[in-house]
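Asker: Here you go, one structure.
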Amino acid sequence: MKIGVLSLQGDFFEHEQTLARLKTQAIEVRRKEHFDGINGLIIPGGESTVFSILLKRQGLEVFLREKILGGLPVFGTCAGAIMLSKKIVNEKNFSPIGVLGIHVKRNSYGRQNESFETNLKVKGLKHEVKCFFIRAPEIVKVDKGVEVLARLENKPVLVKQGHIMASTFHTEIIGETAIHELFLKECEEFRAEKKFA
Ligand code: GLN
(Lines give C-alpha, C1' and ligand atoms only; values in the text may rest on other atoms or scores of the structure.)
Protein backbone atom coordinates (compact mmCIF):
# COMPACT_ATOMS: atom_id res chain seq x y z
CA MET A 1 0.00 0.00 0.00
CA LYS A 2 1.02 3.57 -0.64
CA ILE A 3 -0.03 6.23 1.85
CA GLY A 4 0.32 9.89 1.02
CA VAL A 5 1.49 12.28 3.72
CA LEU A 6 0.67 15.93 3.07
CA SER A 7 4.13 17.41 3.27
CA LEU A 8 3.59 21.13 2.98
CA GLN A 9 4.36 21.82 6.62
CA GLY A 10 4.32 20.29 10.10
CA ASP A 11 5.44 16.88 11.38
CA PHE A 12 5.06 14.90 8.16
CA PHE A 13 8.44 13.22 8.64
CA GLU A 14 7.31 11.57 11.91
CA HIS A 15 4.27 10.16 10.11
CA GLU A 16 6.54 8.79 7.38
CA GLN A 17 8.65 7.09 10.04
CA THR A 18 5.57 5.60 11.69
CA LEU A 19 4.44 4.23 8.32
CA ALA A 20 7.92 2.82 7.76
CA ARG A 21 7.61 0.95 11.09
CA LEU A 22 4.41 -0.56 9.67
CA LYS A 23 6.27 -1.52 6.48
CA THR A 24 4.04 0.81 4.47
CA GLN A 25 5.31 3.06 1.73
CA ALA A 26 4.88 6.78 2.38
CA ILE A 27 4.54 9.27 -0.47
CA GLU A 28 5.19 12.95 0.20
CA VAL A 29 2.24 14.83 -1.23
CA ARG A 30 2.75 18.44 -2.27
CA ARG A 31 1.10 18.64 -5.66
CA LYS A 32 -1.92 17.16 -7.43
CA GLU A 33 0.09 14.57 -9.31
CA HIS A 34 1.37 13.11 -6.04
CA PHE A 35 -2.14 11.81 -5.34
CA ASP A 36 -1.85 9.29 -8.19
CA GLY A 37 -1.96 5.77 -6.81
CA ILE A 38 -2.18 6.57 -3.10
CA ASN A 39 -4.53 4.47 -0.97
CA GLY A 40 -4.97 7.04 1.80
CA LEU A 41 -3.71 10.41 3.01
CA ILE A 42 -2.40 11.68 6.34
CA ILE A 43 -2.66 15.37 7.17
CA PRO A 44 -0.06 15.93 9.90
CA GLY A 45 0.08 18.28 12.84
CA GLY A 46 1.50 21.73 12.36
CA GLU A 47 -0.19 25.07 12.13
CA SER A 48 -3.62 25.09 10.52
CA THR A 49 -3.35 28.77 9.52
CA VAL A 50 -0.21 27.93 7.53
CA PHE A 51 -1.79 24.80 6.04
CA SER A 52 -4.66 26.89 4.80
CA ILE A 53 -2.32 29.39 3.08
CA LEU A 54 -0.16 26.66 1.51
CA LEU A 55 -3.13 24.59 0.30
CA LYS A 56 -4.42 27.66 -1.52
CA ARG A 57 -1.01 28.45 -2.94
CA GLN A 58 -0.59 24.90 -4.26
CA GLY A 59 -4.13 24.99 -5.73
CA LEU A 60 -5.01 21.98 -3.58
CA GLU A 61 -7.91 23.29 -1.51
CA VAL A 62 -10.81 22.20 -3.73
CA PHE A 63 -8.91 19.24 -5.17
CA LEU A 64 -8.27 17.75 -1.73
CA ARG A 65 -11.91 18.18 -0.71
CA GLU A 66 -13.06 16.43 -3.89
CA LYS A 67 -10.62 13.55 -3.37
CA ILE A 68 -11.86 12.99 0.19
CA LEU A 69 -15.52 13.26 -0.79
CA GLY A 70 -14.73 10.82 -3.60
CA GLY A 71 -13.74 8.21 -0.97
CA LEU A 72 -10.01 8.69 -0.36
CA PRO A 73 -9.38 7.67 3.28
CA VAL A 74 -7.85 10.50 5.27
CA PHE A 75 -6.40 10.80 8.78
CA GLY A 76 -5.86 14.26 10.23
CA THR A 77 -3.83 14.74 13.40
CA CYS A 78 -4.19 17.90 15.45
CA ALA A 79 -3.84 20.73 12.88
CA GLY A 80 -4.86 18.06 10.34
CA ALA A 81 -8.05 17.44 12.34
CA ILE A 82 -8.72 21.18 12.35
CA MET A 83 -8.33 21.27 8.56
CA LEU A 84 -10.83 18.41 8.09
CA SER A 85 -13.48 19.87 10.43
CA LYS A 86 -16.70 21.53 9.38
CA LYS A 87 -16.24 24.55 11.57
CA ILE A 88 -13.59 26.26 13.69
CA VAL A 89 -15.49 28.12 16.36
CA ASN A 90 -12.73 30.60 17.28
CA GLU A 91 -11.25 31.34 13.85
CA LYS A 92 -12.41 33.92 11.32
CA ASN A 93 -9.36 34.21 9.09
CA PHE A 94 -9.67 30.93 7.23
CA SER A 95 -12.12 28.09 6.66
CA PRO A 96 -11.42 24.40 7.05
CA ILE A 97 -11.92 21.84 4.26
CA GLY A 98 -15.22 20.94 5.92
CA VAL A 99 -15.53 17.21 5.22
CA LEU A 100 -15.80 15.91 8.81
CA GLY A 101 -18.84 16.62 10.99
CA ILE A 102 -17.08 18.12 13.98
CA HIS A 103 -16.75 21.65 15.32
CA VAL A 104 -13.37 22.47 16.86
CA LYS A 105 -11.84 25.16 19.01
CA ARG A 106 -8.19 25.86 18.25
CA ASN A 107 -5.50 25.92 20.97
CA SER A 108 -8.02 24.88 23.55
CA TYR A 109 -5.57 23.27 25.99
CA GLY A 110 -3.31 26.30 26.29
CA ARG A 111 0.14 27.20 25.06
CA GLN A 112 3.09 25.11 23.88
CA ASN A 113 4.49 24.72 27.42
CA GLU A 114 1.15 23.41 28.61
CA SER A 115 1.49 20.42 26.27
CA PHE A 116 0.99 17.08 28.01
CA GLU A 117 1.00 13.35 27.50
CA THR A 118 -1.56 10.83 28.68
CA ASN A 119 -2.66 7.25 28.09
CA LEU A 120 -6.00 6.75 26.40
CA LYS A 121 -8.38 3.86 25.92
CA VAL A 122 -9.29 3.54 22.26
CA LYS A 123 -12.29 1.66 20.91
CA GLY A 124 -11.10 -1.45 19.08
CA LEU A 125 -7.68 -1.56 20.78
CA LYS A 126 -6.76 -3.80 23.70
CA HIS A 127 -3.96 -1.72 25.17
CA GLU A 128 -3.99 1.95 26.15
CA VAL A 129 -2.21 4.30 23.78
CA LYS A 130 0.28 6.99 24.82
CA CYS A 131 -0.91 10.28 23.31
CA PHE A 132 0.59 13.75 23.18
CA PHE A 133 -1.50 16.91 23.19
CA ILE A 134 0.45 19.84 21.75
CA ARG A 135 -1.52 23.09 21.49
CA ALA A 136 -4.37 20.80 20.64
CA PRO A 137 -7.85 21.76 19.50
CA GLU A 138 -10.93 20.66 21.38
CA ILE A 139 -13.79 18.95 19.58
CA VAL A 140 -16.76 20.93 20.88
CA LYS A 141 -19.49 19.37 18.75
CA VAL A 142 -19.90 16.04 17.00
CA ASP A 143 -22.54 15.54 14.30
CA LYS A 144 -24.65 12.42 13.88
CA GLY A 145 -22.74 9.79 11.95
CA VAL A 146 -19.44 10.62 13.60
CA GLU A 147 -18.17 7.81 15.83
CA VAL A 148 -16.13 8.73 18.91
CA LEU A 149 -13.22 6.26 19.31
CA ALA A 150 -11.53 7.89 22.30
CA ARG A 151 -12.30 10.51 24.90
CA LEU A 152 -10.25 12.55 27.34
CA GLU A 153 -12.21 13.71 30.38
CA ASN A 154 -15.34 12.86 28.48
CA LYS A 155 -14.44 15.06 25.49
CA PRO A 156 -13.95 13.38 22.08
CA VAL A 157 -10.31 13.28 20.97
CA LEU A 158 -10.37 10.57 18.28
CA VAL A 159 -13.26 10.37 15.83
CA LYS A 160 -14.21 8.58 12.66
CA GLN A 161 -16.82 9.31 10.05
CA GLY A 162 -16.74 6.62 7.39
CA HIS A 163 -13.30 6.79 5.81
CA ILE A 164 -12.34 10.03 7.59
CA MET A 165 -10.41 9.82 10.87
CA ALA A 166 -9.16 12.62 13.07
CA SER A 167 -7.28 12.88 16.35
CA THR A 168 -6.60 16.01 18.34
CA PHE A 169 -3.40 14.38 19.67
CA HIS A 170 -0.15 12.98 18.31
CA THR A 171 1.21 9.45 18.61
CA GLU A 172 3.61 9.56 15.66
CA ILE A 173 6.25 11.50 17.58
CA ILE A 174 7.13 8.46 19.72
CA GLY A 175 6.68 5.84 17.07
CA GLU A 176 3.41 4.51 18.51
CA THR A 177 1.76 2.71 15.60
CA ALA A 178 -1.66 1.56 16.90
CA ILE A 179 -3.73 4.51 15.67
CA HIS A 180 -2.02 4.42 12.28
CA GLU A 181 -2.82 0.71 12.07
CA LEU A 182 -6.51 1.53 12.55
CA PHE A 183 -6.24 3.98 9.68
CA LEU A 184 -4.43 1.50 7.44
CA LYS A 185 -7.40 -0.88 7.85
CA GLU A 186 -9.61 1.80 6.28
CA CYS A 187 -7.10 2.23 3.48
CA GLU A 188 -7.06 -1.53 2.83
CA GLU A 189 -10.84 -1.47 2.45
CA PHE A 190 -10.65 1.45 0.05
CA ARG A 191 -8.05 -0.37 -1.98
CA ALA A 192 -10.17 -3.55 -2.11
CA GLU A 193 -13.27 -1.61 -3.16
CA LYS A 194 -11.37 0.14 -5.92
CA LYS A 195 -10.04 -3.14 -7.23
CA PHE A 196 -13.51 -4.50 -7.79
CA ALA A 197 -15.05 -1.22 -8.98
N1 GLN B 1 -2.26 24.84 17.42
C2 GLN B 1 -2.21 24.32 16.08
C3 GLN B 1 -3.32 24.90 15.22
O4 GLN B 1 -4.25 25.46 15.75
C5 GLN B 1 -2.26 22.80 16.07
C6 GLN B 1 -1.07 22.23 16.81
C7 GLN B 1 -0.65 20.86 16.39
O8 GLN B 1 -0.89 20.41 15.24
N9 GLN B 1 0.03 20.19 17.27
O10 GLN B 1 -3.27 24.78 14.04
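The values are calculated or read from the model by the stated rules, or taken from the named source; none is laboratory data. It should be emphasised that the depicted structure is a prediction, and the values quoted were computed from it without experimental measurement. Every residue, glycine as well, gets a Cβ built from its backbone with ideal geometry; the counts of neighbours run over all protein chains shown.
Asker: Checking the condition without any contact (Cβ under 8 Å) to a residue 40 or more places away in the chain, farther than 22 Å from residue 16 by Cα, of a type in the set (Val, Ile, Thr) and in contact with a strand residue (DSSP E or B) (Cβ under 9 Å, 6 or more places away or on another chain), which residue from 148, 104 passes?
Answerer: Exactly one of 148, 104 is without any contact (Cβ under 8 Å) to a residue 40 or more places away in the chain, farther than 22 Å from residue 16 by Cα, of a type in the set (Val, Ile, Thr) and in contact with a strand residue (DSSP E or B) (Cβ under 9 Å, 6 or more places away or on another chain), namely 148.
Asker: From 4, 10, 45, grab the single residue that is within 26 Å of residue 132 (Cα to Cα) and part of a strand (DSSP E or B).
Answerer: Result: 4 is the single residue among 4, 10, 45 that is within 26 Å of residue 132 (Cα to Cα) and part of a strand (DSSP E or B).
Asker: Separate question: Collect the residues in segment 118-142 that are more than 9 Å from the ligand (Cβ to nearest atom), under 18 Å from the mean Cα position of the chain (by Cα) and assigned to a strand (DSSP E or B), keeping them in residue-number order.
Answerer: The answer is 120, 129, 130, 131, 138, 139, 140, 141, 142.
Asker: Next question. Does at least one position in segment 42-54 carry a residue that is hydroxyl-bearing (Ser, Thr, Tyr) and more than 15 Å from the ligand (Cβ to nearest atom)? Break it down into steps so the answer makes sense when it comes.
Answerer: Residues of segment 42-54 that are hydroxyl-bearing (Ser, Thr, Tyr), as a first pass: 48-49, 52.
Checking which are more than 15 Å from the ligand (Cβ to nearest atom) leaves us with none.
No: segment 42-54 contains no residue that is hydroxyl-bearing (Ser, Thr, Tyr) and more than 15 Å from the ligand (Cβ to nearest atom).
Asker: I've got another one for you. Hey, can you tell me all the residues within segment 39-67 that are surrounded by 21 or more Cβ atoms within 10 Å (Cβ to Cβ) and among the aliphatic types (A, V, I, L, M)?
Answerer: Residues satisfying the conditions are 41, 42, 43, 55, 60, 64.
Asker: Taking segment 1-26, which residues are over 18 Å from residue 46 (Cβ atoms) and either among the acidic types (Asp, Glu) or in contact (Cβ under 8 Å) with a residue 12 or more places away in the chain (or both)?
Answerer: Hits for segment 1-26 are 1, 2, 21, 22, 24, 25.
Asker: Answer with yes or no whether residue 141 is at pLDDT 95 or above, within 21 Å of residue 44 (Cβ to Cβ) and either surrounded by fewer than 15 Cβ atoms within 10 Å (Cβ to Cβ) or charged (D, E, K, R) (or both).
Answerer: no
Asker: Given the structure, is residue 110 at pLDDT below 95 and either in a loop (DSSP other than H, G, I, E, B) or over 19 Å from residue 14 (Cβ atoms) (or both)?
Answerer: Against the criterion (at pLDDT below 95 and either in a loop (DSSP other than H, G, I, E, B) or over 19 Å from residue 14 (Cβ atoms) (or both)), residue 110 qualifies.
Asker: Continuing with the same structure: Take the conditions within 12 Å of the ligand (Cβ to nearest atom) and surrounded by fewer than 16 Cβ atoms within 10 Å (Cβ to Cβ) and apply them to residue 93. Does it pass?
Answerer: Against the criterion (within 12 Å of the ligand (Cβ to nearest atom) and surrounded by fewer than 16 Cβ atoms within 10 Å (Cβ to Cβ)), residue 93 qualifies.
Asker: Of 29, 5, which residue is in contact with a strand residue (DSSP E or B) (Cβ under 8 Å, 6 or more places away or on another chain) and within 16 Å of the ligand (Cβ to nearest atom)? Give the steps one after another, and end with the answer.
Answerer: Numbers: 29 fails: within 16 Å of the ligand (Cβ to nearest atom).
Answer to the selection: 5.
Asker: Can you tell me which residue in segment 8-26 is farthest from residue 192 (Cα to Cα), limited to those that are more than 14 Å from the ligand (Cβ to nearest atom) and in contact with a helix residue (DSSP H, G or I) (Cβ under 8 Å, 6 or more places away or on another chain)?
Answerer: Restricting to residues being more than 14 Å from the ligand (Cβ to nearest atom) and in contact with a helix residue (DSSP H, G or I) (Cβ under 8 Å, 6 or more places away or on another chain), the top hit is 17.
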